[in-house]
Amino acid sequence: MSALRFITPNLILPGGIWLLGDQLLAENGIRGLILDVDNTIVGEHDLEPCPEAKEWLDRMRQSFPIWLISNNFSDRRIQTIARNFDLPYRSRAGKPSRRVVRQALEAMAFEPAQVAMVGDRLFTDTLVGNRLGLFTVLVQPPHGVSSRSRSVIIRGWEIWLAQRSGVKI
């Protein structure tokens, strides 16, 4: 089996996180969500999600336990975002390290296949999710994120490299 399976998401959305429906999640046996923060639910410097992402989060947290897991070093920033939605969180996660994601899985008390890891990056979010056996979802950054931001440039490079290696994205 190829190592490329670790950077191949189970699902690729053509837009933002708000396109991920609860019916699709239920069809795949998903009972919990672990979400990346920067460029997944908010822009990398924002404290508030765009209206579509905010509405999605408000709706989804009624049906699914949700954890926010971020590599961002600003605990205060990630805490502010998490508190706005009354969600548990961890910053400084060091993804693709599995340690922090395992802690969220243990707190949710679900099997890995019952949890979706949703994020915008292949080599952090998708990689850690696949290493743990989670259902992985790759999303586009939310509205207003500059294509010149460092994170978006790195994301583009990751996708280009994965495609050149044979990953269907």
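Annotations for the structure displayed:
- The single condition among (1) surrounded by fewer than 20 Cβ atoms within 10 Å (Cβ to Cβ); (2) free of Cβ contacts under 8 Å to residues at least 60 places away in the same chain; (3) more than 21 Å from A113 (Cβ to Cβ) that G15 does not satisfy is (2).
- S151 being modelled with pLDDT under 95 and farther than 21 Å from D22 by Cβ: yes
- Residues of region 132-157 that are assigned to a helix (DSSP H, G or I) and of a type in the set (G, A, S): S151, G156.
- Screening the candidates Q103, Q163 for the property of being under 30 Å from Q62 (Cβ atoms) and over 15 Å from the mean Cα position of the chain (by Cα) yields one hit, Q103.
The values are calculated or read from the model by the stated rules, or taken from the named source; none is laboratory data. This is a predicted model, so every value here is computed, not measured. So basically every Cβ, Gly included, is an ideal-geometry build from the backbone, and we count neighbours across all protein chains shown.
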